[in-house]
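Since the structure comes first, as structure tokens, the remarks are kept for the end.
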Amino acid sequence: MSVVLPVVAVVFGSVTPPQGDVRELRVHLGCTDEVSSFDCLLVNFDKKYTVTYPINVGDDGSISIGRGVNCPLIITVRVEEIRCESTPIENYIRVRGRCWGERFFRRQVTKSYENKKGEYVVKDLIDNYVGLSHVRDSTELVENTDTTYALLEYEDAPVFDILKYIAGSADKAGVIGFDFRVEPDGKFAFFPKNSKTSSVSLSERIEISEYRKDIHRVRNRITVYGAAEKARPTDKDAWTESLTPTEGAWSIYGGGSTLSLDSVDKVVGSYSVKTSGGTGTGLIFTFNAGKEQDCNLHPSLTFQVKIALGYLDLTVELEDTAGMIVDRFERIRDGNWVLQSFPVGKKNSDQWQHSVFNTQPFDWGNVKYIRFIVSSTVGVDLRVDNLFFNKCRWKSVQEDSASQTAYGLRELVEVDEELHSDNECMLRAKALLAHLKDSAEYITVRSNVVDYGTNQLLPGDKIHVVLPNENIDADYSIISVEYRVVAAEQTLEVTLELGKEPSLLADYLYTLRSKTESLSRYKGGRYETV
């Protein structure tokens, strides 16, 4: 198949080398995960580009590559490295650098964004930290997202990392994921994944192809944790609304005491639990068999307590199923309701006094009794209300058995502080599972006969690929493009890295409605730079 010979036009600063001086030229175009780069080898006889017409690091420039009369702009560049290569009879200079996307790496961001749309954050970064235009002929190149970020806080964070976070978390019309790139003319573009289509045809132009599927990305058991705010019981007052709630029962501590529900003196709901009379006044909440409390999952104990006037000392005692005991001594304000919240669980074990009679370590995963004790020699009124354990993370686990059979068990755990129920965690886990349970497809194609005219092949675009032997006839996303011109061979080789994977659907689509009230679609920024 005959094709027109390649042509190139390169400019570095004020220097425009003729095509005859370009011995080899490689341009690699990337988007989202990488910025574009170039490598140009020039003839440098008689110190042409080191003394007479010097090319300097820091110069801006451009590279155009095409065939015949068509030589479209491929990349706007910044010279970052110059290397002279010489032999006794030959002298060359190698010029390397990146596109104007290298500006992403110059600045660090210390800033907070509150209740801002994704496109607002992106434009602010590009305008104030990068300095690239994102408007072409009055057309805005940063497209709108459907995501509002409740709070993003950054301290000395690279611009590139923040852009990647927004691109990877924002959604549009129910599909999560944006791409961004620096266009050939140096403009910045931000757009939904798979929303742009290349007009270039690869029909009968593919000379070498490599098709592959891999399971590196596959995850078929997804565990999603939400905010650490799940309480037991869910109704935080349920345990003090009855003397025999579903998960346990109240009893008295100390001789001769009375036990009752007080509908008059309470803080939350209809009742508080009250004991009075006797000495060593106290209340005991006993968990039913099989309902023991795992304090490692709920690392906070909260309650409200009121002790009669004149008595300030309260002991809170926990006992596990083996009879081991830990306690805390607190001096509180008497005659008033006082809110108390204590850290519990193995990680907080050092904040409790362990009984000298314990014969083994206290089992924080199996707490059987909670005791509230007031030391006295006379009867004292003691009331407890609003008793609950807290700070367990919301959670959901979703699995795909067919994927596990095919690829083995492959797990992913995600923590998202903006999920505020088990249901929201479930929706997120289902969305991730649908996205990750199957293998991804990749194609590498190379050709010396692709003629794209004036329509550059750009990463982030979709392109149609037909490989009859592999039974492929579908659109694939361009991950990267590499143009390579070799003067000695008079060839222009184009290499495309292509990929295809399921879209990551936004969580709210799994409610089978376009939008829900329970999911605000606000995403918190948890990115940290180390």
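Compute the label zone of N70 within segment 434-477: residues whose backbone N is under 15 Å from the point 7 Å along Cα-to-Cβ.
Flagged as within label range: 448-458.
Give the lysines whose C-alpha is closer than 23 Å to that of K193, dropping any in the same chain fewer than 8 places away, or say none.
Partners within reach: K116, K117, K123, K164, K172, K213, K430, K437, K462, K500, K515, K523.
Out of residues 5 or more away from E441 or on other chains, whose amide H comes under 5 Å of its own, with H placed 1.01 Å from N in the peptide plane?
K500
Could you tell me the calculated FRET efficiency between E414 and N296, based on Cβ-Cβ distance and R0 = 25 angstrom, to the nearest 0.05? Walk me through the numbers on the way to the answer.
Working: r = 20 Å, r/R0 = 0.82.
Taking R0 as 25 Å, the efficiency between E414 and N296 is 0.75.
Per-residue HN-Hα couplings for segment 114-129, Karplus 6.51 cos²θ - 1.76 cosθ + 1.60 at θ = phi - 60°, whole Hz, x for Gly and Pro?
10, 6, 10, 5, x, 5, 5, 4, 4, 4, 4, 5, 5, 6, 9, 10
Quickly work out the T246-to-Q351 label distance, labels modelled 7 Å from Cα along the C-beta direction, and quote it in nm with one decimal.
With each label point 7 Å from Cα toward Cβ, the separation is 2.9 nm.
Multiply the residue separation of N288 and R217 by 0.36 nm, subtract the distance between their alpha-carbon atoms, and state the gained length in nm to one decimal. Before the final figure, lay out the partial values.
Values: separation 71, 0.36 × 71 = 25.56 nm, distance 4.43 nm.
Length difference between fully extended and current span is 21.1 nm.
For Y253, what residues show an amide H to amide H distance below 5 Å, using hydrogens built from the backbone and excluding near sequence neighbours?
Residues meeting the criterion, in which the H sits 1.01 Å from N, are G282, L283, I284.
5 Å is the cut-off here: which amide hydrogens, built 1.01 Å from N in the peptide plane, fall below it relative to S133, excluding neighbours closer than 5 in sequence?
F188
Report ³J(HN,Hα) in whole Hz for each residue of segment 409-415, in order, from the Karplus equation J = 6.51 cos²θ - 1.76 cosθ + 1.60 where θ = phi - 60°; Gly and Pro get x.
After applying 6.51 cos²θ - 1.76 cosθ + 1.60, I find 6, 9, 10, 9, 10, 10, 10 Hz.
What length, rounded to one decimal in nm, is gained on full extension from E207 through to F329, with 0.36 nm per residue of separation minus their alpha-carbon distance?
Details: separation 122, 0.36 × 122 = 43.92 nm, distance 7.97 nm.
The span from E207 to F329 would gain 36.0 nm if fully extended.
With a ≥ b ≥ c taken as the square roots of the eigenvalues of the C-alpha gyration tensor of segment 1-110, please select rounded if a/c is under 1.5 and otherwise prolate if a/b is larger than b/c or oblate if it is not? All intermediate terms of the calculation are to be shown ahead of the outcome.
Details: a/c = 2.11, a/b = 1.18, b/c = 1.79.
Oblate shape, in that a/c is at least 1.5 and b/c is the bigger or equal ratio.
Once the Cα atoms of helix 422-436 and of the chain are each reduced to a long axis, what angle between those two axes, in degrees from 0 to 90 to the nearest 10, is obtained?
Taking the Cα atoms of the chain, the angle to 422-436 is about 30 degrees.
State the extension gain, in nm to one decimal, for the chain segment bounded by T52 and V7, taking 0.36 nm per residue of separation less the distance between their alpha-carbons. Spell out each step's value before the answer.
Values: separation 45, 0.36 × 45 = 16.20 nm, distance 2.48 nm.
That works out to 13.7 nm of additional length.
Provide the per-residue ³J(HN,Hα) series for segment 69-82, in order, calculated from phi with Karplus coefficients 6.51, -1.76, 1.60 and θ = phi - 60°, each as a whole number of Hz, with x at glycine and proline positions.
Here the 3J(HN,Hα) series is 7, 9, 9, x, 5, 9, 7, 9, 10, 10, 6, 10, 8, 10 Hz.
If you add up the charges near E24, with Lys and Arg at +1 and Asp and Glu at -1, over every other residue whose beta carbon is less than 10 angstrom from its beta carbon, what do you get?
+2
Note the count of lysine pairs whose C-alpha atoms are less than 20 angstrom apart in segment 291-418, limited to pairs 8 or more residues apart or on different chains.
9
What's the FRET efficiency of Q108 with T148 using the Cβ-Cβ distance as r and R₀ = 25 Å, to the nearest 0.05?
Details: r = 25 Å, r/R0 = 0.99.
Efficiency at R0 = 25 Å is approximately 0.50.
For segment 229-394, what is the convex hull volume of its Cα atoms per residue in Å³? Intermediate values should be presented prior to the final figure.
Numbers: hull volume 18.2 nm³, N = 166.
That works out to 109 Å³ per residue.
Every read-out reported here was derived from the displayed coordinates using simple, explicitly stated rules and does not represent laboratory data. Note that the structure is predicted; figures quoted are calculated from it, not measured. Neighbour counts run over all protein chains shown; Cβ positions are idealised from the backbone, glycine included.
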